[in-house]
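Visitor: Structure below; questions to follow.
The values are calculated or read from the model by the stated rules, or taken from the named source; none is laboratory data. Bear in mind the structure is a predicted one, so any value in this text is a computation, not a measurement. FYI the Cβ positions are ideal-geometry reconstructions off the backbone, even for glycines, and counts take in every protein chain you see. Ligands, DNA and RNA are excluded from the accessible area calculation, which covers all protein heavy atoms including side chains. Shrake-Rupley method; radii C 1.70, N 1.55, O 1.52, S 1.80 Å.
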Amino acid sequence: PAGSARTMSTSWTAQATVTASLTAFLYEGFTYNAVFLGRVLPAVHKDDQVVPFLVLFNVVWGLALWSYLRTSWADPGAVPEEWHDFVRRAGPALSIAPGMKEWQPGKATMCRQCTRPRPERAHHCALCGVCILRLDHHCPWINNCVGFSNQKFFLLTCLYALLACLTGFLTTVPELATVTRTMRASLHGQVTGQDALLNVEPSDQIAFLAFGALAIFISMFLAPLLCIQWKLAFNNRTTIEDNYQNMTNPFDLGTSFQNLSQIFGHFGIDWFLPVHPWRPFVDGVTFPRYSEGYGGDSRGLIMNGAMSIDDEGFSLQNGMEDGYDPMLSKTWQPAYGVSREFTDVMHGEAVWRAHYGIALPGDGEPRKPSTLDHIFGCMQLDCEGNETRAGTPKRVL
């Protein structure tokens with residue numbers, strides 16, 4: 001009963017905040033176009049400003065609304081089933097650490113709520129009930145998590161919504177002042193026949209003033225949020241990670257542009273649109289660290305029985321076609337900064353193996369569960385939370 005009451009309360013709260021957000025979006029857009037452009041500007045004989053203001057405001061407002069809907073409706077980045085398949089195949093060779101409130105680069109951690117291993121930087125959302133890749137926070141205004149797959153949309157929502165409010169307010173300042181004077185004079189019975197806004201209904205004047213007040217209020221809310229969120233993005237941190245102090249941020253790549261590219265991908269026109277990056281750098285399961293260089297992991301990559309690379313170059317081995325996936329290779333090449341020829345024979349899972357330190361069959365005995373593993377019970381659970389025999393580790397398939 002207590003749990004269901006909390007769930008119901010959360011659901012009603014989420015519906016209320018999302019409804020309020022959408023109502024504000026639609027009200028600002030309708031009032032600006034129908035009242036300001038359609039009635040106020042013609043009344044003050046500024047018809048020549050209608051088209052430029054129409055284009056300027058609606059482009060920014062449309063991008064803001066589009067970004068908001070994408071943020072709210074998109075999958076924030078739930079841990080994919082491919083990861084759980086990878087964990088299952090790796091078995092005890094994958095070292096799984098207990099989840100801690102600190103930096104844990106290159107480590108898979110055990111979620112105590114899901115009882116399943118998750119990649120680095122993934123965290124559990126209590127409201128959504130799942131682990132999210134690179135979770136930033138759960139936002140009640142979109143009724144969704146902000147994570148690896150929709151953080152770009154969230155950042156664009158904050159940016160375009162603020163720009164829409166500022167554009168709407170700054171282009172209406174003279175008319176807002178005129179309407180304020182007219183309404184004040186009307187209350188004191190001092191309206192003259194020369195007043196330019198006599199043809200504008202009082203209800204429209206009130207709606208127009210409410211538009212200006214709402215634009216100021218939303219701007220005051222969004223400005224600090226925008227500064228906080230973009231500052232975190234520039235430093236390659238999340239809201240959760242901003243509290244970590246056990247070490248220097250291992251994912252800070254050195255410059256704001258490089259850090260932002262982890263979210264937006266290679267620079268292009270898609271940076272400014274609420275669409276998934278056309279050329280992403282990372283896949284959400286592994287993240288390059290500063291010590292490894294921008295966009296890549298300096299450790300030798302172990303190929304899927306096809307190819308290996310070390311500090312002196314790479315060498316081809318037998319079975320080049322085994323496990324080859326051209327679509328995956330396109331993802332791993334920008335993420336790990338290796339050559340096209342290298343990724344042409346590269347299987348995507350090989351990057352996960354290298355990043356999490358998993359040996360291939362024939363590369364020596366797999367890692368046996370340690371005392372710490374048994375204490376935390378990590379190695380006694382498979383990726384679905386089922387108990388396994390700790391003393392009989394499986395070889396990687």
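Visitor: With all protein chains present, calculate the accessible area of residue 159 using a 1.4 Å probe and round the result to the nearest 10 Å².
Guide: Accessible area, nearest 10 Å²: 50 Å².
Visitor: Name the residues of the stretch 111-128 whose amide N is less than 15 Å from a point 7 angstrom out from the Cα of residue 13 along the C-beta direction?
Guide: 126-128, by backbone N distance to the label point.
Visitor: Here's something else I'd like to know. Just reorder 222, 26 by solvent-accessible area, largest first, 1.4 Å probe, all chains present.
Guide: 26, 222
Visitor: Here is a follow-up. Any idea of residue 216's accessible area? Nearest 10 Å², probe 1.4 Å.
Guide: Number for this one is 80 Å².
Visitor: If you bin the C-alpha pair distances of the stretch 21-89 every 5 Å from 0, what whole percents do you get?
Guide: Histogram of Cα-Cα distances, whole percents per bin: 3, 13, 17, 15, 11, 9, 7, 5, 5, 4, 4, 3, 2, 1, 0.
Visitor: Then there's this: Would you kindly work out the equivalent ellipsoid of the stretch 37-134 from its C-alpha gyration tensor and give its semi-axes, the square roots of five times the eigenvalues, largest first in whole Å?
Guide: 52, 12, 11
Visitor: By how many nm would the segment from residue 267 to residue 55 grow when fully extended, if each residue of separation counts as 0.36 nm and the alpha-carbon distance is taken off?
Guide: 73.7 nm
Visitor: Moving on. Assigning unit charges at the beta carbon (Lys, Arg +1; Asp, Glu -1) and nothing else, what dipole magnitude in debye, to the nearest 20, does the stretch 19-144 show about its Cα centre?
Guide: The calculated dipole for the stretch 19-144 is roughly 500 debye.
Visitor: How much of the DSSP bridge set in the stretch 1-134 is antiparallel, in percent, rounded to the nearest 5?
Guide: 70
Visitor: Now a separate question. Along Cα→Cβ, 7 Å out, is where each label goes; now give me the distance between the ones at residue 128 and residue 223 in nm to one decimal.
Guide: 3.1
Visitor: Counting only protein heavy atoms, what percent of the accessible surface of the stretch 70-150 is carbon or sulfur at a 1.4 Å probe?
Guide: C and S atoms contribute 53 percent here.
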